[in-house]
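Trainee: Input: one structure, supplied below.
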C-alpha cells in the first residue's frame, strides 16, 4: 500500500515528524541516521465520494430495475425459430424464397377474437418442432401441455359464437394439424383438424379479405386429405366433397384430380364409401392428358431438365422433383383404379412411375426442403404399397423411415409406416 504522506522511510519507522527536507531530512541528520529522502511524487487521497452507510441514500426500486439486463423469453425464441425455419418456408422451394407463404401471412393477421388460441397453438407447435429437431423430450412434454391448453381455449372460443374471426379459427385448426404432423397424439386427430379446417374454410370464404391466404390453405388441405385417403384413414364426407374454386384449379390443376382419384382409390382398396362413386366419362384420359402436358412443361423449362449424375437423377430445384413425383402418383392412381390385373404392361408402367418417384425422393433427401416434406408422403406411400418390385418397396420404406422419419414431421411418417404394414398384412404382400 503506498504511503499516505511524504515522510521518509526512517521517520515513518521511528514514528516521528519529518520535515521533508531534500536530500536528507533534518531529523535524520540530528540523529546521525541515514535518510533515504522524502517520498517523491504527489499523493492524492480522494474521499469526497465515500459516504458512510448511515448517511447514504437508498437506491430506489426503479433505479435498480433499470440496471437489470432484459432477458428474451425462451418461448419467444422457439416461436421465432418456428416462423423462421418452418412457417416462412412452407410454400417456397429451391435455395431462396420465391413467394411469401400463406402461413407466414396468416401469422401477421391483426389481433382479433380467437387470436389467443392461435398464438398458443403456434407456440406449442413451435416448441414441438424444435423439440423433435433437437430430440429434447422435456420440451416435447411442455409442448403437449401447451397444446392441451390451446385445444381448451379454442373450444371455448368456438362455443361463445360471438364476433369470431373465422380466419383466426381457421389458422388455429391448421396450426393444430401441424402439431399432429410433428407429434401425433391420437390416430385420427390429424383428420379431425383437417375436417374442422375444411368447414371453417367455407365460412371464411364469405370474407373478401386475405383471399391469398385462403387459397394457400385450401391447397394444403386438398393435398393432405389425398394423402390420408391413400393411407386408409376414414374421413367424413364434409372434408372431402368440396371442390376447389376455378381460381385454385388454375393455380394448381392437380389438387382436384388428386383428391378425386384418392377417393376412388379408397373406395376400391380400403372399402371406404363416399357419395361420389361415379366419375364422368373420359375422366381417366383427362387425367393422363393433363399429366402429359404438365410433364412437357416441366421438361421444356430451362434449368429444370433432369440429367443423369452418378447414376441418380438430379434436378435444378425442388419444385421440379416434387411436381414430377406428384404427376407419377396421379398416373399410378389411374392405373390402380382402372385395372384389376396389375401384371404385364400395367406392372411395367407401375414400375416406371415408382422409379420416377424414388429418383425424385432421393434427390430431395439431399436438400433441406422443409415444409415441402408434406408433399412427399403420398408418392412414397403409394410406392411402398403398390410397387411390383420388392426392392422399390424396401427403398420407399427406407426413405419414409430414414429420411422423413428423421425430420421434425416424424408424426406423419409413423402413421404412414403403420398403415403400410396393415395394408401389406391385409393384401398378403411380403418384401
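We did not get these values from a lab; they are worked out from the coordinates using the rules stated. The structure presented is a predicted model; accordingly, all values stated were derived computationally and were not measured. Virtual Cβ from ideal backbone geometry, glycine too; neighbours counted across all protein chains shown.
Trainee: Calculate the spin-label point distance for residue 351 paired with residue 317, positioning each point 7 Å from the Cα along the beta-carbon direction, and give it in nanometres.
Mentor: 3.5
Trainee: Sorted by average packing, counted as other Cβ atoms within 10 angstrom per residue and highest first, what order do 374-386, 138-150 take?
Mentor: The peptides rank, most packed first, as 374-386, 138-150.
Trainee: Okay, moving on. If neighbour count is taken as other Cβ atoms inside 10 Å, put 177, 34, 262 in order from fewest to most.
Mentor: 34, 177, 262
Trainee: If you don't mind, there's one more thing I want to ask. Would you order 354, 18 from fewest to most other beta-carbon atoms within 10 Å of each residue's own beta-carbon?
Mentor: So the ranking, lowest neighbour count to highest, is 18, 354.
Trainee: Could I ask something else about it? Take 409, 349 and order them by how many other Cβ atoms sit within 10 Å, fewest up front.
Mentor: Taking fewest neighbouring Cβ atoms as first place, the list is 349, 409.
Trainee: Under a plain spin-label model, where a point goes 7 Å from the Cα along Cα-to-Cβ, how far apart in nm are residue 185 and residue 340?
Mentor: That separation, rounded to one decimal, is 4.5 nm.
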